[in-house]
Amino acid sequence: MLAAHLARLTDGEVPGLAETLAVVDDVDDALTRGLARVSEPDAAAWAALAGAVADTPLADRTADAVRAATTGAPTEAHLAVLAGARAALLGAAHDALLDRVDAALGRSRAPWAAAPGLAPDPSPAVAGARAWLHELALAGWRGADHDLVSGAAAPVEAALAVPGLRRLAVLLDGLAAELRAGLPVAAMPRVPARRWADLWSRAVLLAAGAAAEAAAPETVSGRLLPLGVDVHEHDTAFQAQLHALLEPAGGGDVRLVRVTVAAAKVATIVGPAGWRLLEAYPILLKALAERRAVTVTDLPAHGGDLRWVDERAELADPTDPFAAARVLLAGATAAATPPLTRHPAAIAEPVLVEGYTARHDDGGLFFDLDGRAVPVAVDRLPAAGPLTPALVAASTACLALLRWDDGRWLLQPLAVRASVKRQAVEAHNGDWACGVTDPKTAKAEAKAGDAVAVLRERAGRLLRR
């Protein structure tokens, strides 16, 4: 449980972390202003980036890219190097923080085993993406206008047509949608510089041939015990990421794994309707809704990420995620993080928290654990599930993700046990995966209509013309 280890997690600063993030902050400010006109502070920011990686294999290429950036003539290849150097700094910060988590929780982690590198994709779809990202970097977030943002449409459409490029397509589409929503960006009082730089950097690296899942592929079989599902909702995408324990067939150490399924969407599909987009995975959805274990056979895996194939899964007996976590989580082996996802904001370690007192303070919710207050990220609760801030505040046990956000550790609830009107209540983010079970919410959903069905019917009508 987290309470016994919280002191080791929070006491003292991580050496070099503040300095590393300061370099990234300055680079993000430079990207906000754009590379077409580099000011003196921008030149200093890029020089600091080169200095931060001076003792690494990136040193020479980064120095060359910085020279090009500060003279206003960076090529697409230069931008890939700059994005890589920025990602390397955030990756180092991620590793330092995750080492502290593993030490505090006593969690073992498998060593990293890289797969062979991939050559850059020469297809027109990727070339179009690289060209748009290059143009965006020259203009900067503040210089983005309708014409520039609209230029993402063609590479997004081309990338969506190629199965292997859909991750890049969704990323570009999401970045363009956020920029479009912020127009005119020059008039925004505050630009989400870190977030947009993260999205841009990831897209640049994917377009340059970086593998999103760079671990050596394998197949796994065994019994999958769900712990909780993290639901990500965006105007252009809906994603469910299951955190689970895998008991390998034939024995062996229990593994901490993830299963991620996603679908593109439009902004009018919100809340529980998002689950309708994942109907291609009925076994997974039923396992979430009914809290059941799943027997998987020869499921493709890259490190700790399992690639879900519904036909290779079979529903098993009902399971208690809290009991599974209490018995197996402490001894489970976690997977190494793929290089492209090494980022402090990507830290999401499942933990079981009990024996706390929930309280409100300064407008936020905190769990008091052995005299230490841990913030609870109730703002991350998805509209597609039954968890509410009030239910979390009334809880006595919580399955959560331990995250690092803006200099502090916090808990993101995935499931809670609570007492409401003297009745024991248990709620999980995935409870509505097969339909809303709360009568009031179901009534509101029925009154609003089925947005997914309406859009599918209209799309079918257009295709028949």
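The values are calculated or read from the model by the stated rules, or taken from the named source; none is laboratory data. Computed from a prediction, not measured in an experiment: that's the story for all the values here. Every residue, glycine among them, receives a Cβ derived from its backbone with ideal geometry; neighbour counts consider all protein chains shown.
Here are the numbers:
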| quantity | calculated |
| --- | --- |
| Number of the condition not met by residue 380 [criteria: (1) within 17 Å of the chain's Cα centre (by Cα); (2) surrounded by fewer than 15 Cβ atoms within 10 Å (Cβ to Cβ); (3) basic (Lys, Arg)] | (2) |
| Some residue of the stretch 74-82 being assigned to a helix (DSSP H, G or I) and among the charged types (D, E, K, R) | yes |
| Qualifying residue in the stretch 132-148 (condition: surrounded by 15 or more Cβ atoms within 10 Å (Cβ to Cβ), among the small types (Gly, Ala, Ser) and closer than 22 Å to residue 237 by Cα) | no |
| Breaking point among (1) over 21 Å from residue 107 (Cα atoms); (2) touching a strand residue (DSSP E or B) at 6+ places or on another chain (Cβ under 9 Å), for residue 247 | (1) |
| Tabulated pairs, the stretch 414-430, first over 19 Å from residue 272 (Cβ atoms) and free of Cβ contacts under 8 Å to residues at least 60 places away in the same chain, second of a type in the set (S, T, N, Q) and surrounded by 14 or more Cβ atoms within 10 Å (Cβ to Cβ), C-beta under 8 angstrom, 6+ apart or interchain | 418/395; 418/396; 419/396 |
| Residue that is farthest from residue 230 (Cα to Cα) [pool: residues in the stretch 330-344 that are modelled with pLDDT of 95 or more and of a type in the set (A, V, I, L, M)] | 332 |
| Residue match in the stretch 238-246 (condition: touching a Ser or Thr at 6+ places or on another chain (Cβ under 7 Å) and either of a type outside the set (A, V, I, L, M, F, W, C) or free of Cβ contacts under 8 Å to residues at least 24 places away in the same chain (or both)) | yes |
| For residue 439: the one exception among (1) more than 22 Å from the chain's Cα centre (by Cα); (2) within 29 Å of residue 18 (Cα to Cα) | (2) |
| Which numbered condition residue 14 misses (of (1) free of Cβ contacts under 8 Å to residues at least 12 places away in the same chain; (2) not in a helix (DSSP H, G or I)) | (1) |
| Near pairs, Cβ below 8 angstrom, 6+ apart or cross-chain, from the stretch 366-384 (within 11 Å of residue 413 (Cα to Cα) and not assigned by TED's automatic domain parsing to the domain that holds residue 233) to any residue that is of a type in the set (Val, Ile, Thr) and not in a loop (DSSP other than H, G, I, E, B) | 376/392; 378/392; 381/392; 382/231 |
| Sole exception among (1) closer than 17 Å to residue 336 by Cα; (2) in contact (Cβ under 8 Å) with a residue 40 or more places away in the chain; (3) of a type outside the set (Lys, Arg) for residue 228, by number | (1) |
| Count of residues meeting criterion [touching a helix residue (DSSP H, G or I) at 6+ places or on another chain (Cβ under 8 Å), buried (at least 18 other Cβ atoms within 10 Å of the Cβ) and not hydrophobic (A, V, I, L, M, F, W, C)] in the stretch 256-275 | 3 |
| Subset of the stretch 348-368 [outside any strand (DSSP E or B) and surrounded by 20 or more Cβ atoms within 10 Å (Cβ to Cβ)] | 356 |
| For residue 244: the one exception among (1) surrounded by 18 or more Cβ atoms within 10 Å (Cβ to Cβ); (2) closer than 26 Å to residue 148 by Cβ; (3) not hydroxyl-bearing (Ser, Thr, Tyr) | (2) |
| In the stretch 285-317, the residues that are among the small types (Gly, Ala, Ser), buried (at least 16 other Cβ atoms within 10 Å of the Cβ) and over 19 Å from the mean Cα position of the chain (by Cα) | 287, 289, 293, 313 |
| Options 42, 25; residue that is modelled with pLDDT of 95 or more, buried (at least 18 other Cβ atoms within 10 Å of the Cβ) and out of contact with any Gly (no Cβ under 6 Å at 6 or more places or on another chain) | 42 |
| Failed item, numbered, when residue 27 is tested on (1) assigned to a helix (DSSP H, G or I); (2) among the hydrophobic types (A, V, I, L, M, F, W, C); (3) out of contact with any Leu (no Cβ under 6 Å at 6 or more places or on another chain) | (3) |
| Only listed residue being over 26 Å from the mean Cα position of the chain (by Cα), crowded, with 18+ Cβ neighbours inside 10 Å and part of a helix (DSSP H, G or I), chosen from 100, 61 | 61 |
